[in-house]
1. Between residues in the range 368-391 that are assigned to a helix (DSSP H, G or I) and residues that are open to solvent by 30 Å² or more (accessible area, probe 1.4 Å) and of a type in the set (K, R), which pairs lie under 7 Å by C-beta distance while being six or more apart or on different chains?
2. Return a yes/no flag: does the range 10-26 have any residue that is within 19 Å of A249 (Cα to Cα) and not in a helix (DSSP H, G or I).
3. Scan R701, R694, R705 and give me the residue that is among the charged types (D, E, K, R) and open to solvent by less than 10 Å² (accessible area, probe 1.4 Å).
4. Check whether at least one residue in the range 169-180 is modelled with pLDDT of 65 or more and buried (at least 22 other Cβ atoms within 10 Å of the Cβ), and report yes or no.
5. Can you tell me how many residues in the range 237-259 are farther than 22 Å from A368 by Cα and out of contact with any Phe, Trp or Tyr (no Cβ under 8 Å at 6 or more places or on another chain)?
6. Please tell me if R569 is at pLDDT below 95, open to solvent by 10 Å² or more (accessible area, probe 1.4 Å) and in contact with a Ser or Thr (Cβ under 7 Å, 6 or more places away or on another chain).
7. Among the residues in the range 476-496, are any at pLDDT 70 or above, surrounded by fewer than 22 Cβ atoms within 10 Å (Cβ to Cβ), under 13 Å from the mean Cα position of the chain (by Cα) and within 18 Å of L559 (Cα to Cα)?
Amino acid sequence: MELFVGREAELTEAVELLLGAEEGRVLDIVGVRGIGKSAFLRQLVNRVTGRDGVVVRAVDLLSEGIGSGHHKRGEEASGNVISDTYLQSIKIMLRITDGHDRAFRAFRLAMLESAATPLLDAGTVGNSVSLGRRSQVGPITLTTHLQVPIDTFRDQVSRLQRQADDDFVAAWTAFTEHRRVLIVVDSAELIADDEIGAWLLRIAARLPRTLLVMARMPMLADFGRLSERLTRRHLDDLSADEVAAYLAARLIGEPVPDWLPAVVYGFTDGHPYGVALTAELIVQVGADALHPARLRRMLAQVPDDRTRWGALIKTLLDQVSEPLLTRAVSAAAIVHRFDEPMLADLLAPEGDRPVDGEVGEAMRALRAYRLAHPVLSVSGLATGWSRLHEFVRQAVDNRLRIDHRREWLRLHAQAADYCFRWLLARQADDDVGEYGAWYRYEDPEWQAYQREWLYHSGFVAQRREIARARFTLVFLEAFYWWGCYHPFPFNRQLIEDWERATGAWSVEQPATEGTASNAEQRLADALVHLLDHYPLGGHKPATAGWDEMRAQLLLIRELCGLTNSRLSRTAEDAAQLARTDALISVFLAHTRRYRDPADPAGERYYVRAQQAFERLDDDWLTAWMLRERADHALERGDWPGGARLWRAAVDRAERMAVLDEDWDHELGADLYRIRADAHWLAGGFTPAAVGYGRAVAEAYRFQNRPQPPDEYTQEYYGEITGRAADRVLELAQRRGVPAAERFAAELAAALPAGWERAAPTGTAPTGIAAAIADGDRPALIAALFPTGPQKGELHVEDSGFLQRWRLRWEDDPQDFREHLACEP
């Protein structure tokens with residue numbers, strides 16, 4: 001149990017505010033570093049946990065990566081600030097409703113509706129809000145391209161913000177009708193002078209029967225008087241009597257000499273963490289063996305400057321004289337959080353891991369000596385993660401950086417390697433299969449490791465090119481997985497994380513023209529250009545600025561060291577660089593192919609990428625390269641080559657399915673669609689209709705394999721059904737309505753039994769016939785194919801759509817793989 005003394009008045013006030021107020025209240029806890037703000041929050045959580053009708057929600061802004069640092073609010077806030085505020089407000093609302101999905105279902109669905117609302121009028125390139133695929137509401141990114149007056153943009157974002165706030169408050173009001181909620185927010189200095197801080201106070205005042213307690217350091221600019229329901233309390237140093245009480249509690253079972261509290265108080269001025277460290281030192285020496293002169297001599301050796309607490313920690317560790325604990329403190333100071341496997345890896349610089357049990361003992365010692373504390377879950381419970389007290393972490397990190405720089409750099413490199421190995425291991429997880437592993441990009445734990453890896457990877461200057469290549473690898477994999485077809489929030493978040501991390505690196509090496517830090521920004525700019533200009537969806541117009549994108553991709557290749565044959569690299573580095581180069585080659589192929597399908601450079605880049613993926617034993621990307629090359633061959637009129645590549649793609653897809661039982665329905669749908677295109681171009685309308693029908697069926701199955709439907713799968717189903725409908729209408733123009741009706745009937749007959757909307761009689765029913773005659777594409781799709789998921793059914797496990805989907809799957813669970821294998 002954590003040793004805690006004092007703060008009784010503040011704790012009592014907080015509990016009374018929670019239990020007595022019917023309106024939303026805010027308690028602003030302010031104190032210098034090490035004063036015990038986080039300990040105060042943990043003590044408050046402990047006091048109310050278990051009370052009937054009280055729910056606890058905990059948010060650590062530092063761990064969540066929330067806090068933009070814009071230092072502007074209100075009318076001074078720019079477009080980027082208000083868009084970031086919207087993003088971060090959604091993240092906070094989702095965080096504090098985590099674990100109560102049923103109570104907040106309506107709110108989550110309202111978020112989906114809000115996310116689908118365009119910020120700008122149709123026809124302008126503007127802003128979009130998208131949701132991740134893994135969670136019901138998921139991470140949300142607001143992508144900002146200001147091409148309208150700032151006032152117009154502000155008004156539109158403000159309307160979205162008000163709607164999200166109103167939906168949240170309505171759900172919260174119902175949730176708190178018979179309960180009270182304590183929300184504790186640590187590291188609130190990250191938002192105290194920003195627009196997101198102002199938003200948090202505004203929303204907190206609207207939450208009934210709720211107390212928001214924020215802990216933060218004092219700042220020149222802070223929350224001010226933004227809310228009449230805000231109460232501010234400053235945590236002071238401990239009094240002499242409280243120091244004596246702490247020593248009596250810590251030295252329980254041992255006599256406390258009368259002179260001891262005065263000496264400790266005189267040395268620490270009652271600073272709580274200084275008192276705690278000094279008490280631990282006394283425990284190690286033994287209070288009964290101490291004399292006033294000896295303790296004063298020990299404390300006099302601690303410098304009286306900004307390094308004093310780091311020096312006091314060193315004095316304590318020297319007295320403990322446990323080398324593994326000393327190393328553990330240094331390792332834990334480098335990372336923002338750690339668990340036992342991570343700490344074990346950081347303590348093994350040459351692979352010489354500590355023996356079984358030693359790291360666990362070090363973990364326990366870190367807590368026993370009041371150096372570390374558990375990281376809390378959103379419900380206020382301990383997780384498997386720990387963190388050094390920020391007061392300790394910064395003191396030790398600063399001492400290492402100045403006095404032991406080689407070790408400081410080694411630990412950063414070790415932490416970066418550990419996190420990246422973890423990311424790669426998640427990619428190779430056998431339990432989810434090669435296709436399912438791509439969903440890692442939507443996993444919050446994966447994203448946390450990714451942020452930690454980025455932070456550490458750039459501190460070792462000689463590895464900067466490797467760091468840039470690894471970052472580009474993660475970025476382009478996510479972009480290929482989702483972002484080049486439908487807006488993927490993770491790509492924008494990656495850029496933000498990269499710029500945040502490189503900002504930390506620049507403290508060590510300020511950015512100037514030609515320096516590494518300047519290269520990091522150039523890389524970010526090049527990737528943002530790709531995000532901003534790459535056309536989404538299935539249609540890639542030839543006028544999309546492909547030459548400019550190709551120039552940026554070539555720059556990215558250069559910045560990643562892929563053209564530098566002298567770059568020092570390990571075997572692991574070489575494999576990662578090869579994969580990065582292959583993905584760059586994929587997008588270089590796109591810039592050639594979509595600008596001019598006849599350009600032979602497109603095929604050369606595709607071959608280069610495919611050969612690299614084959615050497616890396618990546619069946620999934622190899623299959624997709626074969627699929628893209630087959631499509632490209634048809635576009636440039638090479639039918640024999642397209643047929644050969646198509647067959648190779650089918651064989652590779654079958655191989656993947658046999659190896660890990662992981663059939664890719666999107667790939668299957670594309671393969672059917674490509675084969676249908678080939679038949680269509682050759683005038684084989686009946687086999688083309690069958691192929692388009694089977695493509696639609698595969699795209700429909702894709703809606704719940706392996707996750708519930710989302711924006712990507714919804715758009716993909718719309719693309720495939722739209723392509724099929726377009727063929728029907730095109731045939732009506734070329735051969736007449738009767739031929740189109742027969743084609744539609746044959747297409748519908750290719751769907752599994754019970755799926756079709758048209759009877760397979762050779763003549764389409766009246767509704768379809770009328771849609772064909774009128775050239776009404778939406779009506780034709782609605783009449784011909786099963787209805788896809790609607791906006792409110794995305795990310796939802798038990799939607800009406802998925803009920804219908806499961807019934808169709810039960811009736812016919814085959815996935816047409818046997819049809820692909822038998823296709824000529």
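The values are calculated or read from the model by the stated rules, or taken from the named source; none is laboratory data. Quick caveat, the model's predicted, so the values are computed rather than measured. Glycine gets a Cβ as well: all are built from the backbone with ideal geometry, and neighbour counts include every protein chain shown. Please note that ligands, DNA and RNA were not included when accessible areas were found on the heavy atoms of the full protein model with its side chains. Shrake-Rupley method; radii C 1.70, N 1.55, O 1.52, S 1.80 Å.
1. So the pair list comes out as E390/R33; F391/R33.
2. We begin by selecting, within the range 10-26, every residue within 19 Å of A249 (Cα to Cα); these are none.
No.
3. Values: R694 fails: open to solvent by less than 10 Å² (accessible area, probe 1.4 Å); R705 fails: open to solvent by less than 10 Å² (accessible area, probe 1.4 Å).
Only one candidate passes the filter, namely R701.
4. Yes; the residues of the range 169-180 include at least one that is modelled with pLDDT of 65 or more and buried (at least 22 other Cβ atoms within 10 Å of the Cβ).
5. So the count comes out to 6.
6. Judged against the criteria, R569 is not a match.
7. Checked the range 476-496: at least one residue is at pLDDT 70 or above, surrounded by fewer than 22 Cβ atoms within 10 Å (Cβ to Cβ), under 13 Å from the mean Cα position of the chain (by Cα) and within 18 Å of L559 (Cα to Cα).
Every residue, every condition in (1) part of a helix (DSSP H, G or I); (2) out of contact with any strand residue (DSSP E or B) (no Cβ under 9 Å at 6 or more places or on another chain); (3) within 20 Å of A365 (Cβ to Cβ); (4) open to solvent by 40 Å² or more (accessible area, probe 1.4 Å), yes or no:
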| site | (1), (2), (3), (4) |
| --- | --- |
| R294 | yes, yes, no, yes |
| M298 | yes, yes, no, no |
| V302 | no, yes, no, no |
| G310 | yes, yes, yes, no |
| K314 | yes, yes, yes, yes |
| Q319 | yes, yes, yes, yes |
| R327 | yes, yes, yes, yes |
| S330 | yes, yes, yes, no |
